[in-house]
Structure formats: structure tokens, C-alpha cells
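Just below is one structure, and these are the notes that go with it.
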Amino acid sequence: MSEEQLGIRLSEFVGRTEILNEAEAWLQSPDFRVVFLDGSYGIGKTRLLQQVLELAKAQSNFGGVPNRLVDFYHFSCHTAEGLARAILAAFEETASEKYFGLCVRSLDNLEEARMAGGSGKAAQCLEDMLRYCVEGLRQLSEQTGVLLLFDTVEQYVYPGQLGFAPAWEWLKNWVFTLPRGAAIFAGRSEGINALKNDASGKAFLSRSLDLFTPEETRKYINAVAREHQSRTGQPLSFLDEDIDKLHRASGGRPIWLALCLQIRACNPEAFTALLKGQPQSFEQGVINSLLSVPDLGETLKAAGRVPRGLNAELLAGIRGISRREAESALGGLGEMAFAKTFPNDERIFLHDEMYILLQKYVYSDAADAADRASAGQKIYRYYKEKRKQKDEELSRRYRELAQPADEQVNRSVKGAAAALRELEMERRRLKIEMVYYRLRYEICKDTSNQDDPIAAGLKRYYRYAHEAATSGDDAILRLLQIELSRFLAEQEAAGFWQPFMRGLLLMNEFWLKAASGQQDPDNPSYEEAFESLQQIPSLDADQCVILQALLKTWRGTDCIFSKSANYRRAKELLSSAIQELSREVDQRLEWFKNVVISLAYRQLGYLNRILGDFSSAIVNYQQGLRYSRRVDFIHEEATLRNDLGFAQMRNGQFVAALENMKDGLQLRYQIAIATRIVLSYQSLSQCYLESGVYEESRRNALSGIRVAEAIGFARGVAFGHYTYAEALRRLAFAESSQNAADYLRDAQEHIDHAVRLFEDLGEQDRIIDSKLEQACLYRDRLRAADADSSMRKSWFDRSNKQLLEVAKKAKEARIAYRQADAMCNRIWLGYYMGDFEFAKQAIKDFEELDVLKPYWFSGGRFNDEGKAGSNAQLWAQVAKFCAAQGMIALKEWEQAKSDEKLRTAARHLTLAMMYNAKFAVDHRGVREGRRTIHQALVKLNEQELSRLCRFVLETEQNESVPAELCQFQKFLQDHALWFVDKQS
Amino acid sequence: MREQGERDNLYSVYRSNEFVNRNKEIERIMKFLKERQRGVIILEGDRGSGKTALLLELFRRLNQMPEYRPFFVGLFPYSAPEFEANPNLWLDAHQKFHAGQILELLKKLAQYWQVEIRETDSVELQKEYLARELSLRSAAGVPLLLVDSIYECDESLRVELETNVLMPLLTLERVFILLSGRGKRPIWGRPELQNAEIIPIPPLHKEDVSDQLKKMNSPRPSAEYEDIADLSGGFPLTVRVIGSSPPEVPLSRSLNQAIDVLLDQALSEEAKSQYADIRHHVEKMSLLDIPFRIAEIEDYLFPGDPEKTGKTDKLIRLLLQSFILRYEGKGYRLNSSIVYPIRKWLEMSEQQSDLRKYVSALEQVSQQLQERYPKAATWYSRMLPSVRQTSQLN
């Protein structure tokens, strides 16, 4: 300690003997006490809590002593989850750690559930975690006594009408009921009083910390002198007169005493001048003196600008100095009495009072304009860069997982999970802090452009909240809400954005529900929110329209995703939102308008997609993309692109589908959100499957599985195995048949796994999909089995049973194309089994399906082409149905060689290719049929082919098949099987 | 360019015949010595204000007063030829005092104050012996120690001197210590040091400047005396540097030299190694009429430099370390003892083109700041009013 640094923290504790004696008694007693300890700023509350902690450590018969205080200064402690984490951290590596084993496990589960995307599971884990935390504390308290020390608790009392930090509700429920020990809440008087009022009716003690008496000041100063001597060997003493002066100057407030000593050390004249000055000039004098200390001054100024903590890298950025210099400067600041540091945290915070003083005397002055802007710019750059680094790091890790050097599905990827989680949490923290700073600092992106920091901050807030709501991150949502609420409360003048912020905050509840998979469009809060919106004072008409549309869009979304899905209502809400937003709005609100309308279009697209109306879905997605382009919102754009691709795939537009999906995947890598990456791989895998590129399909499915497994994304894993199984099954027949059995065995493993996972997840439509695939696999195993194998009958029965079950379930779930798919596959089952009687019954069953009525073809037209067009997948099913009939007829012809059979075959095959072309030229269902057809036809001799071709022409003519749909003829020509004399 | 040798001579040789009017201060000091039994006096003033001269003048006078036994210690290299034969003087014309010499100093003090002490190799013991023997001393004359420039030396040396020389002396019932220095005074380990009598040394009046020039037999024509008084701002060191230059040397060049001397005295070792840069930047900064913060001067000081922030930050640190800058409410402000001669120098016709360049750059920066920060426009418009006047005048 050099003499310039007398203001550094004192290791000896001075005074407060009464309260320490009392604390000792609390720890000895068999009861539990909640103590509210109040005192004005800088009076030494924190130091006292630390001393109580030391005291408790020295008590041999008291066990539950944490290793640190829980400081409510950090907003992360303002949510119940954050507070529970802080309590866990406080007991980490203490003898009491074992009491929190269950809590720690639930926390792990919670993190896993979050990584794995939004589902009700995270909500459950959170509940468990909180319960186990309280249970742990209760047990600990019963058995050994527990000490809880909460500092800076005034931060829990929010300004204005905002009430308390959300965690208070949780905390006050249990803290008064612990059996033994003490919980001490220390904070400024006004905050403590508010908490006490809220806890009225509960038993607690109140204690106050007073300013130092002259005697305590003397003790303090003498302690500084002793510490100085012990550290430097230099004797140091003070005159009584000087001690009096110091006492007067500091008003007996320890923080001021430390500052005065600092100034007395650095600049005696300044000190003398200070003593003569008024309070204001005294404070100004303190600031002047501190800011005149080389290195410390600029470091302090930088620290005051970043209340979310200053680390060396940020300091280096703000001051433009090297990292090494910044580290040393930060070390110097950390030594000061007004600096705050926390265990396992390299950042430095300042004492509240110091933030206030700097604000008052340095930052609020017009003379700060350039310095502030410059710092703001650097803070922005730092966070942007950090955020980018985290994105890139995550992206790199996800890529490595998705495309490993060796393609082993079962290679353990779990090890990656912890590191990924760590990175995700870091990124979450960065996002929150970024919102904090963006709202407050003007950024100059372009010299001609005046920045509106609140607008920019709100955009960022919306972005992150939206991302969190759609990717299941409830934790960040809670913190974002706190950030915005507190910022709102800080605003003195109404301004343009204040009412809009109020409106945006209404959304949080619904976002939280969405993030935890608990969507409920009937939540009465929706009506309340619509009403509250009307009552926000000075809410501009455009703002109101946008916020209403936002509420409607999310409510519409809830209608789609809630358990009691209501698609009609969803469509109404979404369409209404789009309609209301289709107008000019205030330039400042343009971004919000675009982002809401884009989302509304996306959800409408999704709705149309599940309803099977892929063409409309495509149009919706394209509209959504147009708007998302204007707002540069990658998260949305990526989802839109992927979903557009998916709709295009379902509509048979494979090339465009693949392109969009690939773009979507790359965008998702850019933002590095794992669940989204998995879903992109899933889409790609599906699309490759549908377009017949089985190897690619398998590869993408595998990538998806690997990432999904690493993050514990069960749905993604299930999807992956499901698609992987189908790709293998298709490969079995696409390649040489020698490997078919192996492929199928392998596929069986994957599909069984997928079915189990989907059943666990309880997703009805996915269970149907995967069981259908399982049924098809049983059938194909029959196909691959030796003709005399006893297994054939067994595969046949299993397949038939499952197909019927799937058809039934699909019907119940109103998933028409799956029902048709299952029923159609029964025909093929009969064909492969060689049981044509069974097949013919299956044909009848298929023909009776109501949903197919619009698709039947006669007299050159389809029954109801308009209606049929809305579910393109069914074209493919009818095509498969016709192909099966054709193949059966061909088989019968092989046996009987009757022209009638050949004619029937030609007719069905002509129709099959026609239907197929209605859906897509190259659809997987019929593609394999084409192969089977080709293999059967090459066996025919020239005369037979010639007859067949004639029957084809006859069918085309009789049925009036439109020229562009005469695809069987083209097929035969393409395969050089067209033997028709032109003249005839 | 710096003219090291020449400049060194100008302020490294003390001559009492040049000493001018500090009667008020001397009177105050003498009164203190007469009225008290013991105590500490600190002469404080800006660089070049004549602290050393006053301390040596006091030394000269005290030598003639048998009731005192003064001993003078100069910590920095300079010479005072008229005292060369004195046994009660520690002065080295070539090198700075260092901590290793304390033992020897203690022995010299014992010798001069006529106490017999056991000689040891340990400073710890030696100082104890000295203090004990002095307290038992019967010889006439109050021990009086004068230490020049104690605040300018390295902190570690200052602490060593305090601990091993000043503290032991302050245990005596009859003792006086006279110190000189500028810059920051640290908190003292002894109450006597904390409660020292501070004697400020203000600049000289115009007549005193003329007096100084006459006494030093300045080769400059007397017609220039008034100009010299104006240019020097009454700082004896500046007067001396200008006054010693031959009449054919333009005043501007002499003033330039004086500025170098002033800065050289002020700057820390680290800052001195970058003297040319620092001088250049200090010149530019001296034109700013309002306290400034880094972001508003970085473009002015380091236009177009991508590392401007870091460079400005470093410059500020060096200047703060050298005590020629301090933070004053709205921002940093250069010490007026530096600003004054630099502005005078820049306003001289030889520097007009530089001045115009700086002013125009400053105007541009001020303009940009006003545009960029409309709410602070009034503040930034005040960056250069007096300089504008200056440039218009010329």
C-alpha cells in the first residue's frame, strides 16, 4: 500500500460491536431470525455482513455458513431461478453443499431442457429446482442452522409502480419459516422499509446502522494507520485535529472516510479546500481528486459507464489501451474502497454511491457528450464482438458435431453438452447486457445518422425476447423484462417510446408461456392485455395498432400450438393482424410493424401447412420473408426460409425447397441456435428423402441426430432417427439387394428408437408418422425375406396390424394424407406378399376414403381439382394406389397372359404416372414404383410391349388424359420401351 | 530543438546576487522560526517560481545567524558556487541524491551538529543513534534541515528520507525542517509534517522582473524588460532563461528555451523520453479554452490515427503524473504555469503559421463536435474563444 492508496479497503473491522454481539446470539439460539438491517449509502452494510459471515465461520456449533453474500445488485438474482442459483453458489464448496444435491441435479436438468428447446419440461425442472433449493435450506437449517446474507436488497424494490423483483414472491414464502439460524437483509432504508411493509404479519427484527461516532472514526483511521504500517513498514499517525477534520468531512460515513483518506493522501490542499466547501463542492472535489489520479481516473470513469461490470478487455476497448495495461489499471481500481468485486468474477463494479456521484458530476454534464459517445461506441463494439465470438464459437462446435470426421452415429457427443451450455449462458448474459447498454448509449453507425438509442435498444429487446420465446429460453425472457421495466421506470419524461415500452411489456407473459410450451389462447390475460393497451396514456395510434397486432399474432400462434388447437380462430387472428398492419405507420415504428407482420405471415404459413394447403403456405412464407428482409432479423428469416422450403417440398418443388432449406441452415449456423440447426437438418433430410437422394438424406439425418443428442433435444433425436430409418429402407432397394437385409435391420433399430422417443414426447402426429414408417419397414422386411422364409407371414401380420392402427389414428387426428398413406401401403403389402385377395380388399378400403373424393379422375377431369389442390400429398397417395393396382394386374397377366390384364395394367400405370405428375415429377412413393414397374416391363418381349403401348394410348384417349400428364408414355419412351408403330 | 547543455547551465547554477524580492515570504518564515520551538515549513510554488532560490537564500541568511545550525540538502543536480566550501551542504552538480547516500548524510549531519555517534553500516541504527545523541546534545544552535525538491523525487526516496532522516529529527524538542516542492504532497507519517506551515511562492511583479534582470546583468536591452516580464509571467526561472540569452537571440527563441526548461523540470522520466511529442501536444492542448475530455481532443491531437484514443489516454496519464494537468469538474485542464508561456510563445510572429494551423484544426474539431452533439453545442463552441481573438489580432 503506497501512501497514495489509503482509500483502499481495510481488512480490519471497526466498530459495530453491539450488532455483532447480537448476531452471535442469533447464531447460538435455537430459533430462526429474519433481520432487516437498514442504513444509508456507504455506511458499511456490506462490510458488516462480511463480518457476520466471518463470525459465523468461527462458531463451531453452527453449520450452514455460506462462503459469500448474495448480492441483489445483480439483476440475475431478481428472478427466483437466479436467486436460487446465487444461493447454490453461496454454499458451493462448503460443508453444506451436500444439502443441495437434488437442487443441483434439477438445475442441470433445467439447463438440458432449455438447450433442448421449448417444452413443458423446463418449467417442471424449474419448479423442482426451486422446491429442492428450499428443501435443502430447510434441512440444513434444521440440522445445523443456516445463515443467509442478502446485500443491496433495495435493488429488489423497483421504482415507480413496478413493485418488487419477481424473486421476492418466492423468497418471502419460505424465508420466514426456516427453523434455525438467521437471514439478514441489508439495504438502504427506503428499500428495507418497502420489503418490511410487504412482509407485515411475519416475524422479523429490524436493526439500523448509524454513522460512525467520532470514536469509531478514530478507530477506523488508526486501523488504516496500522494497516499501512504493517504493509509498508512505514509508520503513520494522525493528529487529533486531523481526525476531527476527517470525521467532519466524511460525516462519519465509512465510504466517505475512505475517500477522504484517499484525497488527503493524494492532495492535501484539495483536502483542505474540501473541508471548507459546501457539500456539493465537497462531492465535486472528491471526484476531481479521484479523476486526477493518473490511470485510476480514466479507469474509474470507464467503470462508472458500465454498471454491468468492467473487465480488462472492455476497459482496454474503452480507453484504447493494451490488454495488459488494462489489467493493471483494473487491478488498481479493484483495490479501492469504493470498488466491488465478486468471487469467480473478473469484473469490477463500483459502490452504488460512486455510480451516483459519477453520474451527477461527470456524465450528466453537457461536456461529457463526446466522451460518452466514444465510450458508448466502444461498449457497443465490445458487446457486438463478444456476442459474435460466442455465436461463432457455438456455430463452430455445432458444425463439428454435425459433421464429424468419422460417421459413427453412436459416438458419444454428450461430453460436448456442458461446454455448450456454458457458452449459451455466457451468450445469454451478453444479450441482456447489450440491451441494457443499447437503451442508454447513442451509437454512431453512420456519421449522417442520428441514433435513437431507445428505439435501437427496444429493437434489440424485441429481437432477443422473440428469439427466446420461439426457442424456449424462459430465463432470458424474465431478465429482459426486468431490464426493460427498470429502464422504463428510469425515464423521467414520457417521450415517444415510453408508452410503447409499456405496451411491449404486456407481451412478456405470453412469451414466457410460449417459451415453456404452455401456450393458451384462452388465457384471460389476453383480454386484459388488449384492455390495458387502450389505457396506456399517450399511446400513439400507430403504436396501438402494432401492439394489438402483436398480441393477436401471438394469440393466433397459441391457437395453433396449444393442446386444444383451434385453427379457425388462429386464421382469423393472424389474418386480422396482417390486415391491420397493412398500412403506413410512423417511420420510427416501421421496424416493429415489419417484424410483426412477418411473424404473422409465418404463422399463417405454418397453419396452412398443417392444414395441407401448401400452396397458400408458400405464398405466406414468401410474404413473411419479404417483410423480414426489411428488418434484418436473421432468426426469423432462417425459420421462414426453412419453413418455406418445407412447404415447397410438400408441394413437390424439390429444387427450390432444397435451396431454401440450405440457406436456412446457414443462417441458423450464423445465429447458432442448436434446436433450429437440428430442425434444419431434419428438413433437409426429409427433402432429400422425398427427392430420392437417400445418401444425402441419411447424412443430414445423422448430422441432426448428433447435434440433437449433444444438446439433449429429444424431439430432434427422434426426428433424426425417423428420417434416418426411412433413408436406409429406401437405400435397401435402391442399391444392390445383397445389402438390403442389412440396411433394413439397421433401419429397424432406428425406427424403433424414434417411435419410442415420439411416444415419450406424446406428439400424436409424429407417433403416426413414425409408426407408419415402422409398418412400411415390416413390409419391406417381408419383401427382402427369402420366399420360403417363415418370417414372411409374421412381417405381413405386423405390418398390416400397424397400418390399420396408423390409419385409424391418422383419421382421428384428421391427418388425411397419412391415413391414405397407411391404407395405400396395405395394397402394396398384399402385392409383396403375393396375396392379391388381400390386396383387392385393401383397394376397396382405400377407394372408400372420403378424403379422396376430389381426386378421382373420370371423363378427362378430376372430381374437384380445386379442392384436391389444397392437399398435394394426396395426389401422390392416389398415384401410389394406381401403381399398386397396375403392378397387381401385371403380375396377374404374367400368370394368365390375358390381354385384359395387360390392358388393366396399362390403364392403372398410365393413371399412376398422371397422378404422380400432378404432385411432383419425382416423388419417392412412386419413384420406387417406377423402378418396380421398369423391372417388370423389361421382361416383356417386343410384341407384348407393343400391345401394352397400344393399351396406354387407348387409356389416354378413353380417359382423356391431358397431354402434359401422359407421363407413362414418356416413361416408356425414356426407357426405350415404346413400341408403337406411328401409322397404326 | 532542445539545447541541452546551454539550458542546463541556465538553471543548474545558483547565484545569490540574482535573488530578488521575497521579503514577505522570508519575513513569515523568520517569524515562524522565532515563535516556535520546532516545526516544518514547506515552500510551495509552480515550477520556475523560485523555490530553490528562496531556500538557498534562506540558507545563506541562516548561516549568518548563530542561533541556528542549518544544513542544506539538494536532491537534484545543480550547483551553488558560493557555498561550495560549506560543510553544511549536500549538493551534487552531476547526479541526483539516492537512497544509498542516506547513511552518509546521517553521518554528515551528526558531524555538523556536533554530536558524536557510533558509526554503523545500518541506516536503521544510525538514525536511532543520531536522534538519541541530538536529544542529549548540548551544543549551541537549533538544528535546521533544508531539503530542496523533496516532492519531485521518486516516491521511494521520499519515503526513505522521511523515515530515516526527517522522522528521527522530528523527535527532538528543538528542530526545524524547511522543505520545498510542488505537486502533490503526500499524507505524512508525522503530525508535524501533516501540519506544516505552507508558504506559497507567487510569480514576481513586473518591477521585480526588471530587478532580477538587472541583478543578473542580463545582456538583453532594458527596452525589452517589460516584454520579458510579460512573456515570463513573472516566473524567475523563465526570466532567467530569457534574460541570459544574448541580445541578438530573438525573444521568441529564448522563450522557447524557457518552455523546454519548464517542461523538462516538470515531466516524469517516462514522459521525458518522448519529449518532442509531448511538447508538441502540450502546445496544442494549451490553446483549449475549456477543460477537456479525451474524446473531444483525440481528433485534434492525433488526427486520422486509429489509435488516437489510446494515445490521448497515455498522454493524459503522463501529464497527470507530471502534475501539469488535473481534472477540474468538467474535464482536464493544463496547469496555467505551462499554458501561459506557451500561449505567449505561440502568439509570437515566428509561430504564427503553427498557431493558425492549430487554431484551424481546433475550430474544425469544435465545429464537428457542435454538429454531432447539438445538446452540447454551447459548450463545445467555447473551446477556443480567446485564441480566436488572438488569431484575429494577428
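Values as computed for the structure displayed
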| quantity | calculated |
| --- | --- |
| Some residue of region A:138-152 being surrounded by fewer than 19 Cβ atoms within 10 Å (Cβ to Cβ) and either touching a Leu at 6+ places or on another chain (Cβ under 7 Å) or closer than 19 Å to residue A:476 by Cα (or both) | yes |
| Where residue B:113 falls short, out of the listed (1) out of contact with any strand residue (DSSP E or B) (no Cβ under 7 Å at 6 or more places or on another chain); (2) crowded, with 19+ Cβ neighbours inside 10 Å; (3) of a type outside the set (D, E, K, R) | (1) |
| Members of region A:217-266 that are crowded, with 19+ Cβ neighbours inside 10 Å, at pLDDT below 75 and of a type in the set (Lys, Arg) | A:264 |
| Residue match in region B:286-293 (condition: of a type in the set (Asp, Glu) and in contact (Cβ under 8 Å) with a residue 60 or more places away in the chain) | yes |
| Among residues of region B:302-317, those that are farther than 23 Å from residue A:363 by Cβ and more than 8 Å from chain A (Cβ to nearest Cβ), counted | 5 |
| Residue within region B:46-55 that is of a type outside the set (S, T, N, Q) and either at pLDDT 90 or above or farther than 29 Å from residue B:235 by Cβ (or both) present | yes |
| So residue B:120, is it outside any loop (DSSP other than H, G, I, E, B) and hydroxyl-bearing (Ser, Thr, Tyr) | no |
| Residues satisfying the stated conditions in region A:314-329, i.e. within 14 Å of chain B (Cβ to nearest Cβ) and either in a helix (DSSP H, G or I) or in contact (Cβ under 8 Å) with a residue 60 or more places away in the chain (or both) | A:314, A:315, A:316, A:317, A:318, A:319, A:323, A:324, A:325, A:326, A:328, A:329 |
| Members of region A:289-307 found to be buried (at least 23 other Cβ atoms within 10 Å of the Cβ), within 9 Å of another protein chain (Cβ to nearest Cβ) and free of Cβ contacts under 8 Å to residues at least 40 places away in the same chain, listed by number | A:289, A:290, A:298 |
| The lone exception for residue B:356 - which of (1) in contact with a Gly (Cβ under 7 Å, 6 or more places away or on another chain); (2) away from every other protein chain (no Cβ under 14 Å); (3) without any contact (Cβ under 8 Å) to a residue 40 or more places away in the chain it fails | (1) |
| Some residue of region A:796-804 being under 20 Å from residue A:874 (Cα atoms), part of a helix (DSSP H, G or I) and not hydroxyl-bearing (Ser, Thr, Tyr) | yes |
| Output for region B:245-272, where each listed residue is small (Gly, Ala, Ser) and at pLDDT below 90 | B:266, B:268, B:271 |
| Residue A:788 vs. criteria acidic (Asp, Glu) and either in contact with a Ser or Thr (Cβ under 7 Å, 6 or more places away or on another chain) or surrounded by 14 or more Cβ atoms within 10 Å (Cβ to Cβ) (or both) | no |
| All positions within region B:272-291 that are more than 8 Å from every other protein chain (Cβ to nearest Cβ), under 16 Å from residue B:343 (Cβ atoms) and not basic (Lys, Arg) | B:280, B:281, B:282, B:283, B:285, B:286, B:287, B:288, B:289 |
| Residue check for residue B:191: over 19 Å from the mean Cα position of the chain (by Cα) and modelled with pLDDT of 90 or more | no |
| Tabulated pairs, region A:145-174, first modelled with pLDDT under 85, second assigned to a helix (DSSP H, G or I) and among the hydrophobic types (A, V, I, L, M, F, W, C), C-beta under 7 angstrom, 6+ apart or interchain | A:158/A:489; A:159/A:489; A:160/A:489; A:162/A:489 |
| Of all residues making up region A:676-694, the number that are surrounded by fewer than 24 Cβ atoms within 10 Å (Cβ to Cβ) and touching a Phe, Trp or Tyr at 6+ places or on another chain (Cβ under 8 Å) | 3 |
| Given (1) surrounded by fewer than 19 Cβ atoms within 10 Å (Cβ to Cβ); (2) closer than 29 Å to residue A:947 by Cα, index of the condition residue A:908 fails | (1) |
| Filter result (within 14 Å of another protein chain (Cβ to nearest Cβ), over 15 Å from residue B:278 (Cβ atoms) and under 14 Å from the mean Cα position of the chain (by Cα)) within region B:319-344 | none |
| Residue match in region A:811-824 (condition: closer than 27 Å to residue A:651 by Cβ, touching a helix residue (DSSP H, G or I) at 6+ places or on another chain (Cβ under 7 Å) and aromatic (Phe, Trp, Tyr)) | yes |
| Options A:101, A:160; residue that is surrounded by fewer than 20 Cβ atoms within 10 Å (Cβ to Cβ), part of a loop (DSSP other than H, G, I, E, B) and out of contact with any Lys or Arg (no Cβ under 8 Å at 6 or more places or on another chain) | A:160 |
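The values are calculated or read from the model by the stated rules, or taken from the named source; none is laboratory data. On a predicted model such as this, the values are computed, not experimentally measured, just so you know. When we count neighbours, we look across all protein chains shown, and the Cβ atoms used for this are built from the backbone with ideal geometry, even at glycine.
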